[in-house]
Structures are given as C-alpha cells and as structure tokens.
1. What is the number of the single condition among (1) more than 29 Å from residue 228 (Cα to Cα); (2) under 17 Å from the mean Cα position of the chain (by Cα) that residue 199 does not meet?
2. Are any of the residues in region 94-106 open to solvent by less than 20 Å² (accessible area, probe 1.4 Å), over 17 Å from the mean Cα position of the chain (by Cα) and either under 21 Å from residue 62 (Cβ atoms) or away from ligand 1 (no atom under 16 Å from the Cβ) (or both)?
3. Could you name every one of the helices (runs of 4 or more DSSP H) located completely within region 193-289 that has at least 3 residues being within 15 Å of residue 311 (Cα to Cα)?
4. Within the set of pairs 6 or more residues apart or between chains, which connect a residue that is farther than 20 Å from residue 319 by Cβ inside region 108-132 to a residue that is polar (S, T, N, Q) with Cβ atoms less than 6 Å apart?
5. If we keep just the residues of region 266-275 that are surrounded by fewer than 22 Cβ atoms within 10 Å (Cβ to Cβ) and more than 14 Å from ligand 2 (Cβ to nearest atom), which is farthest from residue 64 (Cα to Cα)?
6. Is it fair to say residue 197 is in contact with a His (Cβ under 6 Å, 6 or more places away or on another chain), touching a residue at least 12 places away in the same chain (Cβ under 8 Å) and open to solvent by 10 Å² or more (accessible area, probe 1.4 Å)?
7. Going by what's in this entry, would residue 175 be described as within 15 Å of ligand 2 (Cβ to nearest atom), farther than 23 Å from residue 263 by Cβ and surrounded by fewer than 24 Cβ atoms within 10 Å (Cβ to Cβ)?
Amino acid sequence: MLNRPRITENGNLGPVDSTVVPRYSGAPTFALLPRLDEVEAAGQRADIKVVGVPFDAGVSYRPGARFGPGHVRQSSRLLRPYNPATDTSPFAQVQVADAGDMAINPFDIDEAIATIQADALDLTADGASLVAIGGDHTIALPLLRAAAERAGSPVALLHFDAHLDTWDTYFGAAYTHGTPFRRAAEEGLLDTEAACHVGTRGPLYGRQDLDDDTRLGFGIVTSADVYRQGADAVAARLAERIGDRPLYLSVDIDVLDPAHAPGTGTPEAGGMTSRELLEILRGLRGANLVGADVVEVAPAYDHAELTGIAAAHVAYDLIGLLGEGRGSGA
Ligand code: MN
Ligand code: MN
C-alpha cells in the first residue's frame, strides 16, 4: 500500500495531506477524508459521516442523479482544511469520515426508501450525524424519518430548492422527488412552526400549489426575496424562526441558478448564486443542526464540474455547521 499521510489535528484523522500527495491522485473520498472503516481501524469513531445515496428512480424529468455522489466526491478534491469564512477547520473540530454509498434498489422505490431509512438509522446509532449526498430528492423523506426518530421529536426544516416538492402525487405515485415534503408533513416529521422553503421560483401548475403548501405549514422565502433582501437578512430571519429547535437542512442543488449549477434534473432560470447560498448557510451558525443532505446533482448535464464544486462547497459548510454544534453541545 502506498503511503498516504493524513493531516491529523486535534486528534482527528483528516484529509490526505495534499502538500505531499497531489490532490488529484488517489481515491476520491469526500474532501480526501478517511473512509469510515479507516477511522474505525484507527480506534476512532466518526462524529459526522458523509454518505452517498445513489438513487434517481424518483425523478420526473432528466435522470442521472444516481451518479451524483461520485461526481461530488470527485469535485471535492480541492477543498482545503481551513474555512476562513467561519474561522473553523471542519475536519479538525470533530472526526469526519466518508461512509461510502448506500446500496439501493433502483427498480423498487418503496424498497429503496426503506433501505435508506434503515441505513440512516444504522449509521447514526452511535450518535453520529449524517451529511447525505444524493441522489434525487426522494431520499429526503427516509432521511427525515431517521432524523426525527433520532431527535425524538419533529424537526425544523430548511429546504433550499427551486421547487416546493410538496406535490401530492405524480402519475399516481406518492413517493417521487416532487413529493417528499408533503409526505414528511403528513407523517408529522416536521415542526411546522419552523419549516420553510428557500429559493423557490419558476412556473407552477397553479395557484393551488401555493395554497396547499401554506396549508401544510410551510413558509416561503423565494429566490427573488433572497436577491431583494440579501443573504444576511434572510439568514437572520430564518435563524430567529428556527431558534434552538433540532434542524434538518435539505439542499436541492437546483436552488442555484443554472449558471451556477447546470448539472441537475429540473433547472429553472432566476436562481440564487452559490455565494448567496453559502452566505445564508454561514448566517445560520449556532443553529441546532441534526442532519443535512445535498441532492439532485446530475453530472451528465454538468460542465467543468460547476455543479459538483458548488455541491462540494455546500457540503463542506454544512459539515462545519454540524461540527460546531457537536463541538459545543455533544
Ligand atoms: Mn428542485
Ligand atoms: Mn427538490
């Protein structure tokens, strides 16, 4: 085995040291972090597990998000260990590991959802938090079920997306990438005092879509609201509403404008910039984040890793947020 020296800081096994091993060589774990089995072999346990959820049988338009986890990992090679925007080292404050990909049935959505839920509960049985890389947005439902079970209560939700994803059915199917948050609301997984979509835009089937969404208990900050009010003001408002509730954060990469994230299944013009999204996440510091996902990266439509890099940076900031919370509380 070739020697792959890692950065070890604060007792935590970190990324391969890219000052001595070129970052474009070797296995593309997320951010060149150790695999979960490597962490466990070193006698450590992981506080945060990055897990791939390669599943896209729930899409309504362009397929391909099943290749998202591999693409985001490849695009994450350039992430460095220190985040000057928050003055933190996300991989030093707690132990972070790449748990690999779930093995999900591509032909049976019900079985796929059950597998994702079971694997998420298994991976968090030791108290670890998950950052899941999708996969289409169907995966958020089983991940939310697991998060609410671990939290022991409904969770607050911040849902970054061009779309509401609170439609009822599509071609008669209840479990698709356009329905996870309606199912989550119906199942009582969400604290509807603090459940909000951020970045929505684009044509709907009708006004009724918005009425249904409001009735289910969701708030909306549109993409235009973010542009007009600014990322800091939006983040401050969201943080106040969420307070110290356990928070699940779901990022559909199509929340970004297609200029920033072309590699996705249902792109809509008029989206947020990657800078706005990252600044909103940074404005949520102090929130009681319990889990997160980044979904809908479909590399076949990507160019020059634009979408993969955006998703990798979003996941990096989410790991930082999660780790800060765990560092002070857990
Ligand atoms: Mn979407
Ligand atoms: Mn979505």
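1. (1)
2. Yes.
3. Working: elements: 207-216, 223-229, 231-242, 274-282.
Result: 274-282.
4. That search, which allows pairs on different chains as well, returns 111/105; 112/105.
5. Going residue by residue through region 266-275, those that are surrounded by fewer than 22 Cβ atoms within 10 Å (Cβ to Cβ) are 266, 268-270, 273, 275.
Retained after the next criterion (residues that are more than 14 Å from ligand 2 (Cβ to nearest atom)): 269-270, 273, 275.
Working: 269: 20, 270: 23, 273: 23, 275: 25 Å.
Result: 275.
6. Working: in contact with a His (Cβ under 6 Å, 6 or more places away or on another chain): yes; touching a residue at least 12 places away in the same chain (Cβ under 8 Å): yes; open to solvent by 10 Å² or more (accessible area, probe 1.4 Å): no.
No; evaluated as a whole, the condition is false for this residue.
7. Values: within 15 Å of ligand 2 (Cβ to nearest atom): yes; farther than 23 Å from residue 263 by Cβ: yes; surrounded by fewer than 24 Cβ atoms within 10 Å (Cβ to Cβ): yes.
Judged against the criteria, residue 175 is a match.
The values are calculated or read from the model by the stated rules, or taken from the named source; none is laboratory data. Since we're looking at a predicted model, the values are computed, not measured. No Cβ is skipped: glycine too gets one built from the backbone with ideal geometry, and neighbour counts run over all protein chains shown. Quick note on the areas: whole protein, heavy atoms, side chains included, nothing else; ligands and nucleic acids left out. Shrake-Rupley method; radii C 1.70, N 1.55, O 1.52, S 1.80 Å.
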